[in-house]
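The values are calculated or read from the model by the stated rules, or taken from the named source; none is laboratory data. Keep in mind that what you see is a predicted model, and the values were worked out from it rather than measured. Please note: Cβ atoms are built from the backbone with ideal geometry, for glycine as well, and neighbour counts cover all protein chains shown. These accessible areas exclude ligands, DNA and RNA; they are computed on the full protein's heavy atoms, side chains included. Shrake-Rupley method; radii C 1.70, N 1.55, O 1.52, S 1.80 Å.
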Amino acid sequence: MRPRLAQRELALGGVALLGAAVALAVTGTTRHTSSTLPEPEGSYAALAGPSGETIFGRHTACGIVIGEDTVGIAHPTLPCGTWLYVSYQDTHVLAQVIDRGPYEPGRAFDVTDALAGELGLDGVRTVRWSYARAP
């Protein structure tokens with residue numbers, strides 16, 4: 001009878017662990033849809049430039065298909081889905097890392113044309129950026 005009790009306890013522990021993982025996944029995906037924006041963390045300067053129209057329709061390393069209205073950032077090491085604030089002059093935009101890159105030497109980031117348009121960024125320029133800390 002003891003082995004069956006241990007199996008039952010092990011199974012219940014597994015169900016509890018699965019439930020906790022699902023709860024974390026649900027809160028992780030809904031966290032960014034709240035009406036309050038995450039706090040910026042850090043302040044860094046980097047060269048960034050638009051990636052250009054040649055990437056429209058292409059699948060990114062993060063599994064996104066880039067369109068004309070896609071707002072996103074390419075970075076070589078930041079994980080896919082990382083939220084960043086990007087600022088140029090007096091404009092600040094919250095965007096996600098959606099690809100690896102940049103594809104042009106000398107840049108720290110490639111930004112989609114839609115993000116470049118929102119920022120007023122033409123050509124390669126120095127931008128300010130910070131991590132968006134989850135609330």
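What does the charge dipole of segment 54-124 about its Cα centre add up to, to the nearest 20 debye, if the Cβ of each Lys and Arg holds +1 and the Cβ of each Asp and Glu holds -1? If you can, show how the numbers build up before the last one.
Details: 3 positive and 9 negative charges, 66 e Å.
Around 320 debye, computed over segment 54-124.
What whole-number value in Å² describes the accessible area per residue of segment 36-135 for a 1.4 Å probe?
Numbers: 5230 Å² over 100 residues.
The answer is 52 Å² per residue.
Distance in nm between label sites at Cys80 and His92, each 7 Å beyond Cα in the beta-carbon direction?
Between Cys80 and His92, the label points sit 2.9 nm apart.
According to a simple spin-label model (label point 7 Å from Cα along Cα-to-Cβ), what is the distance in nm between Glu41 and Cys62?
1.7 nm
Sort segment 71-135 into rounded, prolate or oblate with this rule: let a ≥ b ≥ c be the square roots of the eigenvalues of the Cα gyration tensor; rounded if a/c is under 1.5, and if a/c is not under 1.5, prolate when a/b is larger than b/c, oblate otherwise. Display every interim value, and only then the final one.
On the way: a/c = 1.67, a/b = 1.07, b/c = 1.57.
Cα axes put segment 71-135 in the oblate bin.
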